[in-house]
Structure formats: C-alpha cells, structure tokens
Amino acid sequence: MLPPSEVNDRHFSPAREIPYGKTRCPGAACRAKLRDMSESTAETSTRTPRGVTDLFTAGGRLAAIPRKAARREQLLVHLTETLFAADRTYTEPEVNGLLLTVHEDCAALRRYLVIAGHLTRTRDGSGYRRATTTL
C-alpha cells in the first residue's frame, strides 16, 4: 500500500492500491469529470431514435435486413409508408417487384411485413393490402 503522500494523478496505476478514503483525483477535478459525464449522459438520453437512412446504400438499396427486431420494425414501417398505397390491393408479383427495388430478398421482406401486421394477405395468398391502423 502506498503512503498517502504518493497517491496523485500522475503516479496512479490501477494495479496499485489506493489507501482507504483517498481518491485518485483532487476534489475540483473530480467534480468536473463527474459533471462532464452527467452532461454527456443527458445528451444521449434525450436523443431522438435513429432514422432508417443509415440502412441504405448511396444507390438507395438496402444494405442488409436488420437482425434486431426494433431496428427491423423501423425499416418495415418505412417500407410500408413509402412503397404501398393505403387504398390499393397488390398481387404477389407486384409486391415482389416493389420490394426488389429495395433488396434482393423480397420473400423475407414480404414475410416480415405480413408477420408484423403492416401488410394483410388474403387467405389464398393472391392479394396484399396495406394494413389499416386503428388508434
């Protein structure tokens, strides 16, 4: 254990023990560090959620389907709002064609849209409609 006179910022090593009651940094510096940490935490907690623009390449294609459910849900909402009209019924080839403009795995995107409830499918699978939301 180090004597209290040897404990300061310049000579601190995590491997060395600090005497009980002593801190690594003097009072004013420690308070400033804590204030900076709390300000940065406050900035990150008030941030708005990320948009979906970072999921797309410069050419407008989807780089990859997100694995995380929350991120994938954001993408599905975006695709539903931008690709599908609310008052129209689409055939499966039409849905595939629209989804192919974004990503080559149109079957996975179509399945995710139906499972998440953004598109409804007729019983025979011949028609797809944008789901109506009830608030």
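The values are calculated or read from the model by the stated rules, or taken from the named source; none is laboratory data. Quick caveat, the model's predicted, so the values are computed rather than measured. Methodologically, a virtual Cβ is constructed for each residue, glycine included, from the backbone with ideal geometry; neighbour enumeration extends over all protein chains shown. To get the accessible areas, we keep the full protein, side chains included, count just its heavy atoms, and leave off ligands, DNA and RNA. Shrake-Rupley method; radii C 1.70, N 1.55, O 1.52, S 1.80 Å.
Report whether or not R111 is open to solvent by 70 Å² or more (accessible area, probe 1.4 Å) and in a helix (DSSP H, G or I). So R111 passes the test. When L99 is tested against (1) modelled with pLDDT of 95 or more; (2) touching a Ser or Thr at 6+ places or on another chain (Cβ under 7 Å), just one condition goes unmet, and that condition is (2). Kindly check whether there is at least one residue in the range 67-81 that is at pLDDT 90 or above and assigned to a loop (DSSP other than H, G, I, E, B). Among the residues of the range 67-81, at least one is at pLDDT 90 or above and assigned to a loop (DSSP other than H, G, I, E, B), which makes the answer yes.
Taking every residue in the range 65-88 that is of a type outside the set (D, E) and pairing it with any residue that is open to solvent by 70 Å² or more (accessible area, probe 1.4 Å) and part of a helix (DSSP H, G or I), at least 6 positions away or on another chain, the pairs with Cβ-Cβ distances below 8 Å are I65/Y112; R72/Y112; L76/Y112. Filtered by the rule that a residue be at pLDDT 55 or above and either at positive phi or part of a loop (DSSP other than H, G, I, E, B) (or both), the range 35-66 gives R50, G51, V52, T57, A58, G59, G60, R61, A63, A64, I65, P66.
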